[in-house]
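Participant: Dumping the structure here so I can ask a few things about it.
What follows draws every value from the coordinates through simple rules; no lab data is involved. A quick note: this is a predicted structure, and the numbers were derived from the prediction, not measured. Every residue, glycine among them, receives a Cβ derived from its backbone with ideal geometry; neighbour counts consider all protein chains shown.
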Amino acid sequence: MPDSAISIRRLDSTEAGFREQLAAVLAFEASEDEAIDRAAATILADVKSRGDAAVLEYTNRFDKLAASSLSELELPQAELRAALEQLAPGRRSALQSAADRVRSYHQRQKTECGSDGFLYTEADGTVLGQKVTPLDRVGIYVPGGKAAYPSSVLMNAIPARVAGVHEIVMVVPTPQGIKNPLVLAAAAIAGVDRVFTIGGAQAVGALAYGTQTVPPVDKIVGPGNAYVAAAKRRVFGTVGIDMIAGPSEILVICDGTTDPDWVAMDLFSQAEHDELAQSILLCPDAAYIDRVQASVDRLLPTMPRAGVIRTSLADRGALILVRDMDEACEIANFIAPEHLEISAMDAGKWAAKVRHAGAMFLGRFSSEALGDYCAGPNHVLPTSRTARFSSPLGVYDFQKRSSIIQVSEAGAQVLGRIASELAHGEGLQAHARSAELRLK
């Protein structure tokens, strides 16, 4: 192997021990560091106890600021609008177009997912149904520091706004006071109500418990570092959370008809996130896999984040030879990837065989990167095989449902006898008597 070649694990589904090898590739322990968890717990307890003072102290320490009050760290709406107005025309147009597409998709989702509730009346006049109401206030955590993610603002805030959430509070760390104008502009476009330049476990605590300045929210969404993840775990129950996200993932199923450079770059697109990201290719054509490997070797040196990509591919990537496309779909269901590209002829045929994936990108022109930014569907997706039981972030995550039960007098005669019988069977006499009192 030449020195420039990238060491990516090669697997063959026909070989003995393949399933064990695949499981080893997929294995990822969130390895919740006890020190991180203890630190997050300490910070949360302090924020709960001291409010503003604790949040201010941790923010000044970790982000190297010198704010004298937490109110100084709330950005006025005028600053958000100014950031939007000062963007270069091309950048502003792209941000607005992405927001429009994300909003349009989630408005359609709201309609199609039964977000208007329902009522129906039974023959005896009993009315049953469901009332759907938006959450009062949500908190959106937007990462800061090493990278800025305006797309994260759009994907978290827009479905909340479409759902009808009354107030959206955003927190974003600004180490050394450096604010990203694109993030602020995205907040303006998405309709965020309040923005605080705080981050870490202290920001999660402020949103969960409320302080003298930061209002308590009903749910916290958005990705963050290990301290943020640990804090979100701990405040769940006091507030709702979206998910505990793991490293980014892409699985590409290819029949060998796509330009191998395209597939190599799609693998790079997730590997560049961080060294723990995962990129896997499933293909029934061994010669094509060799061509993808050659593309990887040739293109990697051109990537600014080549070091991160190289480590990610070497440690957690795989190029897997499968018997056929049917087996590729079977393996995909086992992997349950965050992002699944089906880069093949008649992609819809193969998509019909896939049950578990956060998002599916069908056809050779559907690169995962388009979903990250502007296709429309949400890019906040289940990772680490949780697509087996979880869904993308959506309008439904910012709503709750109340059952409606309006029993008629005639209905009470029937239901009361059923309830009485079952209540006595459970030994709950007050339940039974409550139903019986309404019987004629």
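Participant: List the aspartates and glutamates whose Cα lies under 17 Å from the Cα of K440, skipping any in the same chain that are fewer than 8 positions away.
Facilitator: Qualifying aspartates and glutamates at Cα under 17 Å: D124, E409, E421.
Participant: Suppose a student asked you for the relative contact order of the range 362-440, using Cα pairs under 8 Å spaced at least 6 residues apart; what percent would you report? Spell out each step's value before the answer.
Facilitator: Numbers: 47 pairs, mean separation 14.0, N = 79.
Rounded, it is 18 percent for the range 362-440.
Participant: What per residue convex hull volume, in Å³, do the alpha-carbon atoms of the range 172-215 yield? Working shown, then result.
Facilitator: Details: hull volume 3.4 nm³, N = 44.
Convex hull volume per residue, Cα atoms: 77 Å³.
Participant: Moving on to the next point. Would you mind telling me which residue in T111, T211, T126 has the biggest mean-square fluctuation in a Gaussian network model of the chain, where springs connect alpha carbons within a distance under 10 angstrom?
Facilitator: Of the options given, T126 has the highest mean-square fluctuation.
Participant: Could you grab the relative contact order for the chain? Cα pairs under 8 Å, six or more apart, rounded to a whole percent.
Facilitator: Values: 860 pairs, mean separation 88.0, N = 440.
Once normalised by length, the contact order is 20 percent.
Participant: Can I ask one more? Hey, what does the equivalent ellipsoid look like for the chain, semi-axes from the Cα gyration tensor as sqrt of 5 times each eigenvalue, largest first, whole Å?
Facilitator: Values: eigenvalues 338, 214, 95 Å².
Gyration-tensor ellipsoid for the chain: 41, 33, 22 Å.
Participant: Tell me which trypsin sites (Lys or Arg not before Pro) from the range 298-407 have a DSSP coil assignment and no more than 15 other beta carbons within 10 Å of their own.
Facilitator: Numbers: sites: R298, R305, R310, R316, R323, K349, K353, R355, R364, R385, R388, K400, R401; in loops: R305, R323, K353, R355, R364, R385.
Here the trypsin sites (Lys or Arg not before Pro) that fit, given the DSSP loop and packing criteria, are R305, R323, K353, R355.
Participant: Just to confirm the number: angle between the C-alpha axis of helix 226-235 and the first principal axis of the chain, 0 to 90 degrees, nearest 10?
Facilitator: Compared with the principal axis, the helix lies near 10 degrees.
Participant: Please identify, among A306, A99, A148, the residue showing maximal mean-square fluctuation in a Gaussian network model of the chain using a 10 angstrom Cα cutoff.
Facilitator: So, out of A306, A99, A148, the one fluctuating most is A306.
Participant: Is it possible to state the helix-based mean residue ellipticity at 222 nm for the chain, with each DSSP H run of 4+ residues giving -39500 (n - 2.57), the sum divided by total residues, to the nearest 500 deg cm²/dmol? What is it?
Facilitator: On the way: 17 runs with 200 residues, N = 440.
So the helix-based figure for the chain works out to -14000 deg cm²/dmol.
Participant: Helix 89-112 versus the longest principal axis of the chain: what angle, 0 to 90°, nearest 10, using Cα atoms?
Facilitator: In the chain, helix 89-112 runs at an angle near 50 degrees to the longest axis.
Participant: Using only Cα atoms, what is the ratio of the radius of gyration of the range 34-240 to 2.2 N^0.38 Å? Let's see the in-between values first.
Facilitator: Values: Rg = 18.8 Å, N = 207, 2.2 N^0.38 = 16.7 Å.
Output field value: 1.13.
Participant: Would you mind calculating the relative contact order of the range 34-240 from Cα pairs under 8 angstrom and at least 6 residues apart, reporting the percent as a whole number? Please list the in-between numbers first.
Facilitator: Details: 356 pairs, mean separation 63.3, N = 207.
In percent, rounded to a whole number, it is 31.
Participant: Another question, if that's okay. Working from the pairwise distances between different alpha carbons, so that the mean of 1/r is found and then inverted, what is the range 249-407's Kirkwood radius in Å? It would help to have the intermediate numbers written out before the result.
Facilitator: Working: mean 1/r = 0.0615 Å⁻¹.
Here the Kirkwood hydrodynamic radius works out to 16.3 Å.
Participant: Across the chain, where is the longest run that never hits GluC sites (Glu not before Pro) in a DSSP loop with at most 12 other C-beta atoms within 10 Å? Before the final figure, lay out the partial values.
Facilitator: Working: sites that count: E15, E29.
In the chain, the maximal stretch lacking such sites is 30-440.
Participant: Sort K232, K179, K440 so that the residue with the fewest other Cβ atoms within 10 Å of its own Cβ comes first and the one with the most comes last.
Facilitator: Values: K232 26, K179 16, K440 7.
Ascending Cβ contact count within 10 Å gives the list K440, K179, K232.
Participant: Something else about it: Under 5 Å between amide H atoms, partner at least 5 residues away or on a different chain: which partners does V195 have, H built in plane at 1.01 Å?
Facilitator: For V195, the qualifying residues are L75, M170.
Participant: Hey, another quick one. Taking θ = phi - 60°, what integer Hz values does the Karplus form 6.51 cos²θ - 1.76 cosθ + 1.60 yield along the range 336-349, in sequence order, with x for Gly and Pro?
Facilitator: Per residue, the Karplus-derived 3J(HN,Hα) values read 6, x, 5, 10, 10, 9, 10, 8, 7, 5, 6, 4, x, 4 Hz.
Participant: Just to confirm a number: summing +1 for Lys and Arg and -1 for Asp and Glu over residues other than T238 whose beta-carbon lies under 13 angstrom from that of T238, what do you get? Numbers along the way, then the final one.
Facilitator: Values: positive: K48, K219, K232, R233, R234; negative: D218.
Net local charge, T238 excluded: +4.
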